[in-house]
Amino acid sequence: MTRGEYRSARETLNWTHEHVAEVLGVGRSTVYRYARGAIDVPEPAARLLRLLVLLRLTLPLRKFEDILKHLK
């Protein structure tokens with residue numbers, strides 16, 4: 001996942017970097033490195049973000065939020 005793809009995913013989800021870090025289980029500094037392109041988003045995390053974007057675009061908000069509860 002490129003830094004542009006990461007930015008698009010985060011914007012589509014309407015999440016802060018802190019929220020992305022929480023959901024992915026990484027530190028805040030890690031997601032800031034993703035945003036700057038200093039490091040690549042690992043493939044498992046990239047797949048999860050892509051899946052979450054797909055779910056957010058296709059599900060009603062309430063169902064999407066119910067799914068997110070299971071990720072914490």
Report the extension gain between Glu5 and Tyr32 in nm, rounded to one decimal, defined as 0.36 nm multiplied by the number of residues separating them, less their alpha carbon distance. 8.3 nm
Alpha-carbon Rg with Dmax, taken over the chain, Å: 11.6, 34
Defining a contact as two alpha carbons under 8 Å apart and six or more residues distant in sequence, what relative contact order in percent does the chain show? 38 percent
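Every number in this text was worked out from the coordinates using simple rules, so none of it is lab data. Keep in mind that this is a model prediction, so the values were computed, not measured.
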